[in-house]
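Everything below concerns the one structure shown next.
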């Protein structure tokens, strides 16, 4: 753990769905906040999320790494078709919980499924957060480029920073460029060369430079 931040378990059962995960507090007085969530087969303990949360907290951002409601209900396996709306409610509650802890701007982000649900939530509720951080947006299932998940993107009014591997089977750089261009809000697509959907965090492997790169791009884009 970095010396200029701390991490603790976080639970808020006053909201339904409940908010559960881990809170990274910067040592400096709190300012902006970031809710960060996981992909379909993962949880809030994913190394990618932990490493990013530590980097952002060290830079003064309060980060809530949270488990989506489907993961709170079932420790393993992907979300079911009926879970998505409930998961979006969980993200809305996580944002509300973090607003009580971070007096500045609040951002919402996630990896893969978590990022997709974040965009769908914000397309329906513009103004919910100040911006989106989208890691490996799952544009389509692998090898099924005709099954695009873009129907809500023309309604998205929230500024969005996309971070995407150039070898991601869920969307090529060219496909991502076309999808991002559908969003009326301000956007930026950051390409990570040579990595796939896991952004270089697979098993014990870590893309050591990624957290600092994502943080720098985030600060440049959102100010």
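Only the coordinates and a few stated rules stand behind these numbers; no lab work does. These numbers were taken from a predicted model, which means no experiment stands behind them. Heads up, the Cβs are rebuilt from the backbone with ideal geometry, glycines too, and the neighbour counts pull from every protein chain shown.
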Provide 122, 66 in ascending order of the number of other Cβ atoms located within 10 Å of each residue's Cβ, fewest first. 122, 66
In percent, how large is the relative contact order of segment 5-85, given Cα pairs closer than 8 Å and 6 or more residues apart? 33 percent
Alpha carbon centre of segment 17-31 versus segment 180-210: separation in Å? 24 Å
Please grab the % of Cα pairs in segment 133-223 that end up more than 17 Å from each other. 49 percent
What distance in nm separates the simple spin-label points at residue 27 and residue 80, each placed 7 Å from Cα in the Cβ direction? 4.7 nm
Descending packing, highest mean Cβ count within 10 Å first, for 44-54, 29-39 is 29-39, 44-54
In what sequence do 13, 166 fall when counting other Cβ within 10 Å, fewest first? 13, 166
Work out the FRET efficiency for residue 206 and residue 124 from their Cβ-Cβ distance, taking R0 = 25 Å, and round it to the nearest 0.05. 0.10
Would you work out the relative contact order for the chain, in percent, from Cα pairs under 8 angstrom that are 6 or more residues apart? 17 percent
Evaluate the distance, in nm, between pseudo-label points positioned 7 Å from the Cα of residue 13 and of residue 191 along their respective Cα→Cβ axes. 4.9 nm
In whole angstrom, the spacing between the Cα centers of segment 112-127 and segment 43-106 equals 13 Å
Can you show me the helix-derived [θ] at 222 nm for the chain, built from DSSP H runs with n ≥ 4 at -39,500 (n - 2.57) apiece and divided by the number of residues, rounded to the nearest 500. -9000 deg cm²/dmol
Each label sits 7 Å from Cα toward the beta-carbon; between residue 219 and residue 45 the label points are separated, in nm, by 3.1 nm
If the elastic network links every pair of Cα atoms under 10 Å, which of 137, 76, 113 fluctuates the most in the Gaussian network model of the chain? 76
Which percent of the Cα-Cα distances in the chain go past 29 Å? 18 percent
